[in-house]
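Handing you a structure now.
The values are calculated or read from the model by the stated rules, or taken from the named source; none is laboratory data. All values derive from a computational prediction rather than experimental measurement. Using ideal geometry, Cβ is built from the backbone for each residue, glycine included, and neighbour counts are taken over all protein chains shown. The area values use the complete protein model at the heavy-atom level, side chains included, leaving out ligands, DNA and RNA. Shrake-Rupley method; radii C 1.70, N 1.55, O 1.52, S 1.80 Å.
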Amino acid sequence: MTIPAASPGEPYDNVSPLFPEGWDQAEPPAEPVDVWDSPIPLGQAHNLPPFPTKALPGWLGDMVGAVAEETQTPADLAGGMGLAALSTACGGRAVIAVRGRWREPVNLYIVIALPPGNRKSAVVAEMTRPMLTVEKTLIETNVKVRAEAETTAKLAKTAAEKAAAKAANASGDERAKLTAEAIDLAQAAENVQIPARPQLIADDVTPEGLASLLAEQGGRMAVISAEGGIFDIIAGRYSGTPNLEVFLKGHAADLLRVNRQGRDPQFLEAPALTMGLAVQPSVFRDIAKSKGFSDRGLLARFLYALPKSMVGYRNIKPDLIPDTVANAYAENLKDLVTTMAEWTDPAVLTLSPDANDVLLAHQDRTEKAQRPGAALSGMDLDKWAPKLDGTVCRIAGLLHLATHSAAGITTPISGETMTSAAAIGAYYTAHALAVFDAMGSDAHLAKARTALAWLVANPRDNISRRELFNALPRADFPTVADLDPALTLLEDHGWIRELPTPVPSRKGGRPKSPRYQTHPAARQLTS
């Protein structure tokens with residue numbers, strides 16, 4: 001399947017990088033054409049689409065575009081961090097009632113890869129600065145409340161201790177009465193809750209520390225960073241063994257038990273963790289090798305972006321971020337944080353009939369793309385793809401709240417918003433294909449490389465599937481069926497094309513093996 005790219009100025013809703021209209025019904029040409037397009041090297045991205053900025057609410061889309069212009073970075077970076085900011089504001093404070101008992105939280109895991117020198121830190125700082133400002137305000141507001149609680153706790157503990165001492169010196173019925181009073185006072189002192197110092201964002205934190213932060217902050221926290229060090233920590237930089245539990249459960253909102261020194265274990269019913277990371281591309285290959293990242297499903301929880309570096313082509317006199325745009329971004333984000341902070345029990349968002357129709361169409365496309373040999377059937381993609389529909393719902397919830405703020409809690413998500421979320425989901429799907437390719441985690445890709453290497457080493461104009469199967473090692477291709485996904489990838493990348501199948505004779509017999517013409521480039525690589 002060829003993944004089309006958006007041309008400059010093309011509306012985002014006309015871009016469907018994975019599911020072009022009628023992709024599953026197109027008829028092959030009767031005869032192969034003589035002209036070949038240039039083949040796409042295996043392991044390289046298919047004209048990856050740009051971030052669909054127009055799918056964002058105006059105040060956020062304007063900021064993404066302005067930050068991308070001033071820093072001369074791809075909009076993918078600011079766009080991903082903008083979604084992470086929405087997730088930080090709303091995560092743990094809202095869920096989407098999708099259909100029946102299907103519920104989705106609204107927190108996201110996003111990672112963007114760009115080489116060094118692409119001003120990742122500058123963009124991350126610009127997109128998170130309003131969050132840190134809000135955090136500072138929350139801390140200042142919390143000082144008085146915290147001081148009152150600490151004083152109350154201290155007085156209650158002192159009263160309980162005095163009552164216990166008095167009961168210890170009493171006797172008979174008086175002692176029993178004073179003991180009961182001391183117990184009541186001790187329980188009252190134990191029940192005094194001292195609110196934690198408010199915190200929205202963490203950076204270099206251990207899994208154990210992150211679990212404690214989640215417990216202290218009412219079950220929500222964000223890890224936002226311009227480095228990939230958190231992956232080293234997850235892999236066991238300090239402990240020597242991977243610790244994935246808080247990252248797995250923090251995405252899925254599964255029950256998490258938190259053990260903190262000196263305190264009773266605490267259970268978080270629906271933890272909501274946000275991750276917004278800007279890393280170097282090499283991090284993708286490193287985490288693919290980390291024990292447990294793939295088989296336990298951590299890789300499947302991320303949205304990936306692999307934008308093209310602008311280094312060498314940057315405008316040295318870019319337009320600066322207008323104050324009106326920056327102020328609108330800061331005010332809307334502050335409003336969203338403060339509004340959603342009031343919802344200790346998550347607000348329940350619903351879908352309008354139009355939004356449900358858009359989601360059903362998206363589910364149908366996703367389901368077909370997971371069939372054997374289809375675009376989302378790769379070794380790690382088959383873990384990532386089943387989460388795609390839920391992810392689109394999460395994005396829709398964030399876009400909805402970013403558009404309507406408090407009013408969005410009682411207003412159903414519109415079909416237009418779900419369409420925008422689907423466009424963002426299609427963007428991340430195209431990039432996930434490229435990232436999993438770069439990780440080297442797709443067994444089909446490895447087999448396609450093996451088959452292409454043989455075709456290059458043994459140039460010929462055309463070859464049948466059976467002939468190629470017989471020439472390849474049985475360790476990689478135990479059966480003819482194992483060759484089909486590799487042939488599909490080679491055809492998608494333009495290295496081969498299937499020749500018309502001859503009309504079978506009336507005598508019957510076994511159908512002829514499909515025959516493929518090879519790209520002239522493959523035949524010329526050895527010459």
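Modelling each spin label as a point 7 Å along the Cα-to-Cβ direction, I'd like the ASN191/LYS162 distance in nm, to one decimal.
2.1
Once fully extended, how much extra length lies between TYR313 and ASP345, figured as 0.36 nm per residue of separation less the alpha-carbon to alpha-carbon distance?
Length gained between TYR313 and ASP345: 6.7 nm.
If you roll a 1.4 Å probe over the chain with all protein chains in place, what percent of the accessible area is carbon or sulfur? Can you show the working numbers first?
Details: 13330 of 25870 Å².
Of the solvent-accessible surface of the chain, carbon and sulfur hold 52 percent.
Let me ask you something else. Residues of the stretch 166-314: accessible area per residue at 1.4 Å, in Å²? If you can, show how the numbers build up before the last one.
On the way: 7800 Å² over 149 residues.
For the stretch 166-314, the solvent-accessible area averages 52 Å² per residue.
When only alpha-carbon atoms are used, what values of Rg and Dmax, in angstrom, describe the chain?
28.3, 110
What's the extension gain from LEU360 to VAL480 if we count 0.36 nm per residue and subtract their Cα-Cα distance?
So the chain would gain 39.7 nm between LEU360 and VAL480.
Output the 0 to 90 degree angle, nearest 10, between the alpha-carbon long axis of helix 388-404 and the longest principal axis computed from the alpha carbons of the chain.
The helix 388-404 is inclined about 60 degrees to the chain.
Assuming 0.36 nm per residue, please report the length gained on full extension of the stretch ASP286 to GLU245 beyond their Cα-Cα distance.
12.8 nm
If you don't mind, another one. Report the label-to-label distance for LYS334 and ALA471 in nanometres (one decimal), using points 7 Å from each Cα along the Cα→Cβ vector.
That separation, rounded to one decimal, is 6.8 nm.
Which of the peptides 48-56, 392-400, 424-432 is most tightly packed, and how do the rest follow, judged by the mean count of other Cβ atoms within 10 Å per residue?
Ranking the peptides 48-56, 392-400, 424-432 by packing returns 392-400, 424-432, 48-56.
Per the helix-only calculation at 222 nm, which mean residue ellipticity applies to the chain, given -39500 (n - 2.57) for every DSSP H run of n ≥ 4 and division by its residues, nearest 500 deg cm²/dmol?
Working: 17 runs with 251 residues, N = 527.
Value at 222 nm, helices only: -15500 deg cm²/dmol.
Output wanted: per-residue J couplings in Hz (rounded whole) for the stretch 421-434, from phi through Karplus 6.51 cos²θ - 1.76 cosθ + 1.60, θ = phi - 60°, x for Gly and Pro.
With coefficients 6.51, -1.76 and 1.60, one gets 5, 5, 5, 5, x, 5, 4, 5, 5, 4, 6, 4, 4, 6 Hz.
Another question, then. Could you order peptides 321-333, 77-89 by the average number of other Cβ atoms within 10 Å of their residues, highest first? Could you put the intermediate results ahead of the total?
Values: 321-333: 16.6, 77-89: 28.8.
Taking the mean over residues of other Cβ atoms within 10 Å, the ranking is 77-89, 321-333.
Checking the table LYS289/LYS447; LYS120/LYS383; LYS249/LYS368; LYS120/LYS387; LYS144/LYS334; LYS249/LYS289 against a 24 Å threshold on Cα-Cα, which pairs fail?
LYS120/LYS383; LYS249/LYS368; LYS120/LYS387
Please report the antiparallel percentage of DSSP beta bridges with both residues in the chain, rounded to the nearest 5.
Antiparallel bridges make up about 35 percent of those DSSP assigns within the chain.
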